[in-house]
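The values are calculated or read from the model by the stated rules, or taken from the named source; none is laboratory data. These figures come from a predicted structure and were not determined experimentally. Quick reminder, even Gly has a Cβ in these numbers, built from the backbone with ideal geometry, and neighbours come from all protein chains shown. Ligands, DNA and RNA are stripped out before the accessible areas are found, and what is left, the full protein with its side chains, is counted by its heavy atoms. Shrake-Rupley method; radii C 1.70, N 1.55, O 1.52, S 1.80 Å.
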Amino acid sequence: MKSLKYLMSAFLLLSIAACESFKAPEKQSYPEITSLENTVWHQYKGANPVFCDISFGADERGKMEEFNNEDHTEVVSTREFSYTFVPATEKIDGIVNVNFDDGLRYGGMLIQKGMAETLINGDYVYWIQLYEVDDKGEIIYIEENKFKSTILMWME
């Protein structure tokens with residue numbers, strides 16, 4: 001019986017030592033985006049695939065190009081827009097507003113890399129989620145809890 005107590009004590013000590021040496025992996029940190037200037041974002045849409053590149057310029061102007069192939073060689077449409085960006089603070093995510101030259105307006109947020117668990121090609125990415133908004137900046141719904149239009153884009 002005495003040897004059983006020693007054996008149990010040794011097992012308990014080894015278990016505690018093993019637990020202390022285990023450390024959870026540290027969360028990867030990524031650079032925070034504080035400006036959209038000179039960045040290119042991507043979007044993929046639909047059953048008949050359309051691939052988009054969304055470029056934000058240094059002059060608060062941007063361009064969305066749609067391609068009908070994954071190689072981005074055949075442009076099928078181009079839309080230009082103006083934009084504003086308010087970087088994230090401790091209390092809010094980054095705020096993005098896009099006004100297309102054709103009159104459509106979108107507003108939403110930038111989600112920093114590593115903050116969302118969704119991956120693209122196995123990597124964390126930065127996200128911008130936009131919703132179509134009215135002149136007051138309010139999201140437009142077509143039915144309860146259904147947005148009229150959204151744009152989801154990412155950047156590696």
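If only residues of segment 134-156 that are open to solvent by 40 Å² or more (accessible area, probe 1.4 Å) and hydroxyl-bearing (Ser, Thr, Tyr) are counted, the one that is farthest from ILE33 (Cα to Cα) is TYR141. Does VAL125 count as within 13 Å of the chain's Cα centre (by Cα), modelled with pLDDT of 95 or more and under 21 Å from GLU32 (Cβ atoms)? Judged against the criteria, VAL125 is not a match.
The condition (being open to solvent by less than 100 Å² (accessible area, probe 1.4 Å), of a type in the set (A, V, I, L, M), modelled with pLDDT under 95 and not in a loop (DSSP other than H, G, I, E, B)) is satisfied by just one residue among ALA58, ALA17, ALA24, ALA88: ALA17.
Of everything in segment 91-109 that is open to solvent by 70 Å² or more (accessible area, probe 1.4 Å) and outside any strand (DSSP E or B), the residue that is nearest to MET155 (Cα to Cα) is ASP93. Restricting attention to segment 61-85, the residues that are farther than 19 Å from TYR106 by Cα and open to solvent by 30 Å² or more (accessible area, probe 1.4 Å) add up to 9.
Annotation for segment 104-122: at least one member residue is over 18 Å from the mean Cα position of the chain (by Cα) and more than 22 Å from TYR30 (Cα to Cα).
Screening GLN112 with (1) in contact with a strand residue (DSSP E or B) (Cβ under 8 Å, 6 or more places away or on another chain); (2) surrounded by fewer than 13 Cβ atoms within 10 Å (Cβ to Cβ); (3) more than 18 Å from TYR44 (Cα to Cα); (4) of a type in the set (S, T, N, Q) gives one miss only, at (2). When residues in segment 115-133 are screened for being open to solvent by less than 70 Å² (accessible area, probe 1.4 Å) and either in contact with a helix residue (DSSP H, G or I) (Cβ under 9 Å, 6 or more places away or on another chain) or of a type in the set (D, E, K, R) (or both), 1 of them pass. On inspection, GLU32 fails the criterion of being of a type in the set (D, E, K, R), open to solvent by less than 50 Å² (accessible area, probe 1.4 Å) and modelled with pLDDT under 95.
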